[in-house]
Amino acid sequence: MTATTGTARRWGEAGVVARPLLPASLFYVVFFAVPMLALFVLSFWRANGFVLIPDLTFDNYEKIATSSLYRVLIIRTITVGFITAAIVVPLAFAVSYVMRFVFETRGQVILQLILLSLFSGYLVRIYAWRTILGKQGLLNSTLQWLGLIDRPLEFLIYSNFAIVITLTGLLLPLAVLPIYSAMSNISRDYLEAARDLGAPAHTLIRTILVPMALPGLRTAFAFAFLLAAGDFVTPTLVGGTQSLLIGNVIADQFRGIGSNWPLGAALAFVTIAIVLALYFLVMRLIRWVTTW
Amino acid sequence: MKEFLRHILESKLNEDVSRRCFIQGAAGLATLTVLGAPAVAEEKKLGGPLNFLGWDGEHGGNVAKEFLAKNNIQMQASFQSAADEALTRFNTGGRGSMDILTPNKDFQRAILESKTELFQPLDMARIPSAQGLFPAFKDAPWLTRDGKTYGIPMIWGDEPCVYNPAKWDAMPEKYTDFADPKYKGELVLLDDPFGNIWLFAKSLGMKEPNRLTAAELEQVVEAMLTVKPNVVTIGASHGDMADVMVRGDASLGIGGWAYQTLIAKDKGVKLVVGSPAKDGTFFWSDAYALAVDAPNADNAYAFIDFITQPESNAALAKELGSGCTVEKAFDLIDASVRDIYPYDNVRQPGGGILGTQIVVPPQNPEGDIVGSAAWVEAWQKYKVA
C-alpha cells in the first residue's frame, strides 16, 4: 500500500464519519455563522438617521468602553447571570441526586414531570410567575391569609429578586436534565464504599459526585448563566424600574426610530466576549476546585 | 391551519409592540367581516398578491377577508415591530417587493420632510372613498408634500393616563406632579422614549417638546427621575401596562391607551381615562401608504379604497379599539368604543391638534437640537438610574 492510498483512505473514512454532521453543520453555517459574521461586520458601520453607512470605525466599541451606562448594565447583567446560576445549579444538583439515588427508577417519573413544565410557553411561564409574585398574587395573598404579613411584600415583583426567581423557575428544568443524565452513570457502589470508609457527606459530594457529574454540571451552568445573562424578556416583564439588563439595551438598538444597529451589534459582541470569558474562567475554577 | 399558525407566530414575534398586541388579540374576538362591499377599482386588473408590511391587524385580516377572496387577491402580510422597519426593509433588498405600508404620522412626516425615498404619491382618483375622511385627515400636513397625498389614515387615537377610579378621583394638573409621594408604588409607564420624554418636556413648559437641546433633555430626564421612585414598572407594551393594572400591581398608567379600559372591563376591573389638565396628552394616527416601486399597485389601491369605506373603516376601528377616520363610520361604531376618543379634534381641517403636535424628535441633530438617538440614550439612562 502506498502512502497516497493510505491518506486517501483516511480521508474517505473521515468523510464517512463527517457525513452525518453535514446537515447540522450546514444549518449552523447558514443560520448562525453567516448572520453572526454579518452582525460583526455591521458593528464597524455607522448609523446616520435612517441610513446605515458602511465603514470601518471603532467608534461603537469606543463608546461602549467609555460609557458608564453600558458598564453598569454589563456588570448588572453578569451579576444576575451568576446569581441565577449559583441558585439553579445547586438546586438542580440536589433534585438530580434525589431522583437518581433516592427515588432511583421512580426518578424517571419526576423527570417526566419536570419535562412537562417545559411544554408550557416561555411567556406563559413568565406571566405565571407574575401571578405568583404580584402584589395580589398567590404568595402575598397566602402570607396575608396566614397572618404573617400585614401588607404585600412589594419586593417580590418588579425587582431584581423577581428576575432571579423567575429565571430560576424557567431554567431549573433545563439544568436538571444534564446533571441527572451525568449522575445516571455514577454507580451507587462508589457512594456506599466511601460511606463504609467513613467519608462524610461533603466529601462524597466533593470527591465523587461533583467530579463524576462534572460534564453535566458544566452544561447546567452554561444553560443557567448564559441564558440568564442573555435574557431580556424576563427583566422586561417582571423587572422593575431598576432592572434593565444589557439585553434590553441591545434590543432597543434594533427597533424603532432612534435605533442604532451598528452600536447594537457592537454591544452584542462585547457582551458575548465578556460572558464567554467569564464562563471559561468559571469552568477552570470548577476544574481546579474538584482536583484540589 | 397554516394561516392560523402564521398568525400566532407573527403575534409572538411582534409582542413588544405596544397597542399592536391588543390589535392581534382583538382580531381574534371581533370577527367583523364586512360582506359584499364592492371593489371600486377596475376589477379586471385585480388579483394576485398584495404585499403588506405594517402594524399588526391593520392588514384587515377579518375586515377585508371577503373583499380579498372576491377579487382573488392574496394578502401576504408581514408585521413590523418598529416604525422604521419598512424603511430598513426597503433599503435592504425589499424595494420592488413591498406594496402597502402603514406608517404612523410622525414617521411619515419625518420621511416626507427628509425627502427619503419610501412612499409614492397616491392617485386620489383611485381612492374615491377618501372623500369621506374626517376633515383632519383630508389635508393633514404629515400626509402631504408639494400638494400630493402620501397616505390615507385608517385609525387614530391618543395616549392618555388610564387609572383605577377606586384609587384616584382625578389626575393632577401636570405630569411633574406625579412626583408626589402619594403615587408611590402606583404608577406604570410605557417603554416609549419619545412619548415619555415629550410629555415631561411639555410639562416643564418647553415650547417645542420634540426639539430639545442636550441641556433641556437632561432637564427633562431629571424631572422624570423625580417621578421614578413612584413607578412600579415600565410596561413592554400597552397590553402589558393593562395587565399590570388589572392585576392591581399599579393603579395609574402614564401614556396609556383608551382601549385598555375595555380590556380591563372584560376582566372585571374598572379603569377610566383622564390626563393632566394643563399638560394634556399626544395623539397618533396610522395611515395606508404605497411603497415606491410597489409591484401590485392596482390591488393596493383597491384595498385602500375598500377599507376606507364607512362600513370597513368602522369595522376596523372597532376591531382595533381605535378611533375611525371616516365621518360616516362614526355612527356605525358602538358607543363603548366611540366615546373613549375625543372626536372633536378630527372634525377640524388641517389635522387639528394631530397636525400641529409632533412627538418624535429629529432623526439627526439639527444645530443645538439633539436627534432621536440622544433621546433613546437618555431614556436608557433614566431606566438604569
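The values are calculated or read from the model by the stated rules, or taken from the named source; none is laboratory data. Only a predicted model underlies this, so the values are computations on that prediction, with no experimental measurement involved. Cβ placement follows ideal geometry from the backbone for every residue including glycine, while neighbour counts extend to all protein chains displayed.
A few comments on the model shown:
- Scanning region B:83-93 for residues that are more than 21 Å from B:Thr325 (Cβ to Cβ) and either free of Cβ contacts under 8 Å to residues at least 12 places away in the same chain or in contact with a helix residue (DSSP H, G or I) (Cβ under 6 Å, 6 or more places away or on another chain) (or both) yields B:Thr88, B:Asn91, B:Thr92, B:Gly93.
For (1) exposed (fewer than 15 other Cβ atoms within 10 Å of the Cβ); (2) within 14 Å of chain B (Cβ to nearest Cβ); (3) part of a helix (DSSP H, G or I); (4) modelled with pLDDT under 95, each residue gets a yes or a no:
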site: A:Pro152; (1), (2), (3), (4): no, yes, no, yes
site: A:Thr166; (1), (2), (3), (4): no, yes, yes, no
site: A:Ala175; (1), (2), (3), (4): no, no, yes, no
site: A:Leu191; (1), (2), (3), (4): no, no, yes, yes
site: A:Arg195; (1), (2), (3), (4): yes, no, yes, yes
site: A:His202; (1), (2), (3), (4): yes, no, yes, yes
site: A:Ile205; (1), (2), (3), (4): no, no, yes, yes
site: A:Val210; (1), (2), (3), (4): no, no, yes, yes
site: A:Leu217; (1), (2), (3), (4): no, no, yes, yes
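- In region A:13-94, counting only helices (runs of 4 or more DSSP H) that sit wholly within it, the ones holding 2 or more residues that are within 14 Å of another protein chain (Cβ to nearest Cβ) and touching a residue at least 60 places away in the same chain (Cβ under 8 Å) span A:34-42, A:59-66.
- Flag for B:Arg347 being without any contact (Cβ under 8 Å) to a residue 60 or more places away in the chain, surrounded by fewer than 21 Cβ atoms within 10 Å (Cβ to Cβ) and over 21 Å from B:Ala170 (Cβ atoms): no
- Residues that are within 14 Å of chain A (Cβ to nearest Cβ) and either surrounded by fewer than 17 Cβ atoms within 10 Å (Cβ to Cβ) or under 21 Å from B:Pro193 (Cα atoms) (or both) within region B:74-93 comprise B:Gln80, B:Ser81, B:Ala82, B:Ala83, B:Asp84, B:Glu85, B:Ala86, B:Leu87, B:Thr88, B:Asn91, B:Thr92, B:Gly93, listed in sequence order.
- Checking the stated criteria, B:Ala136 turns out to be more than 14 Å from chain A (Cβ to nearest Cβ) and small (Gly, Ala, Ser).
Here is a yes/no grid of residues against (1) surrounded by fewer than 24 Cβ atoms within 10 Å (Cβ to Cβ); (2) touching a Lys or Arg at 6+ places or on another chain (Cβ under 9 Å); (3) touching a residue at least 60 places away in the same chain (Cβ under 8 Å); (4) within 20 Å of B:Ala264 (Cβ to Cβ):
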| position | (1), (2), (3), (4) |
| --- | --- |
| B:Asp305 | yes, yes, yes, no |
| B:Leu320 | no, yes, yes, yes |
| B:Leu332 | yes, yes, no, no |
| B:Ala335 | yes, no, no, yes |
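- Some residue of region B:355-374 being away from every other protein chain (no Cβ under 12 Å), in a helix (DSSP H, G or I) and more than 16 Å from the chain's Cα centre (by Cα): yes
- A:Tyr158, sole failed condition from (1) over 27 Å from A:Val210 (Cα atoms); (2) out of contact with any strand residue (DSSP E or B) (no Cβ under 7 Å at 6 or more places or on another chain): (2)
- Any chance B:Leu262 is aliphatic (A, V, I, L, M) and touching an Asp or Glu at 6+ places or on another chain (Cβ under 8 Å): no
- Condition check for A:Leu111: assigned to a helix (DSSP H, G or I) and in contact (Cβ under 8 Å) with a residue 40 or more places away in the chain: yes
- When region A:251-270 is filtered for residues that are outside any helix (DSSP H, G or I) and either under 12 Å from A:Ala47 (Cα atoms) or charged (D, E, K, R) (or both), the ones remaining, listed by number, are A:Gln253, A:Phe254, A:Arg255, A:Ile257, A:Gly258, A:Ser259, A:Asn260.
- The one condition in (1) within 14 Å of chain B (Cβ to nearest Cβ); (2) closer than 22 Å to A:Ala65 by Cα that A:Thr236 fails to fulfil: (2)
- 3 or more residues closer than 24 Å to B:Trp379 by Cα and not assigned by TED's automatic domain parsing to the domain that holds B:Asn62: qualifying helices (runs of 4 or more DSSP H) within region B:234-335: B:238-246
- Note on region B:96-106: residues that are within 12 Å of chain A (Cβ to nearest Cβ) and either in contact with a Gly (Cβ under 9 Å, 6 or more places away or on another chain) or buried (at least 24 other Cβ atoms within 10 Å of the Cβ) (or both) amount to 1.
- Residues that are within 12 Å of chain A (Cβ to nearest Cβ), buried (at least 24 other Cβ atoms within 10 Å of the Cβ) and touching a strand residue (DSSP E or B) at 6+ places or on another chain (Cβ under 8 Å) within region B:197-230 are absent altogether.
- Only a single item in (1) within 30 Å of A:Phe221 (Cα to Cα); (2) hydrophobic (A, V, I, L, M, F, W, C); (3) surrounded by 15 or more Cβ atoms within 10 Å (Cβ to Cβ) is not met by A:Val124, and it is number (3).
- Here region A:177-189 is the region considered, the condition is being touching a residue at least 60 places away in the same chain (Cβ under 8 Å) and touching a Ser or Thr at 6+ places or on another chain (Cβ under 6 Å), and the residue that is surrounded by the fewest Cβ atoms within 10 Å (Cβ to Cβ) is A:Met183.
- Index of the failed condition, A:Asn140 passing every other in (1) assigned to a helix (DSSP H, G or I); (2) away from chain B (no Cβ under 11 Å); (3) more than 18 Å from B:Gly235 (Cα to Cα): (2)
The rows are residues; the columns are (1) over 17 Å from A:Gly239 (Cα atoms); (2) in contact with a helix residue (DSSP H, G or I) (Cβ under 7 Å, 6 or more places away or on another chain).
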{"site": "A:Leu116", "(1), (2)": "yes, no"}
{"site": "A:Ser120", "(1), (2)": "yes, no"}
{"site": "A:Ile126", "(1), (2)": "no, yes"}
{"site": "A:Ile132", "(1), (2)": "no, yes"}
{"site": "A:Asn140", "(1), (2)": "yes, yes"}
{"site": "A:Gln144", "(1), (2)": "yes, no"}
{"site": "A:Tyr158", "(1), (2)": "no, yes"}
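- The set of residues in region B:290-303 that are crowded, with 24+ Cβ neighbours inside 10 Å and either closer than 13 Å to B:Val63 by Cα or among the charged types (D, E, K, R) (or both) contains only B:Phe303.
- Contacts under 6 angstrom Cβ, first residue in region A:243-271 being at the interface with chain B (Cβ under 8 Å from one of its Cβ atoms), partner surrounded by fewer than 21 Cβ atoms within 10 Å (Cβ to Cβ) and among the polar types (S, T, N, Q), 6 or more apart: A:Val249/B:Gln380; A:Arg255/B:Ser81
- Sole exception among (1) under 21 Å from the mean Cα position of the chain (by Cα); (2) at pLDDT 95 or above for B:Pro49, by number: (1)
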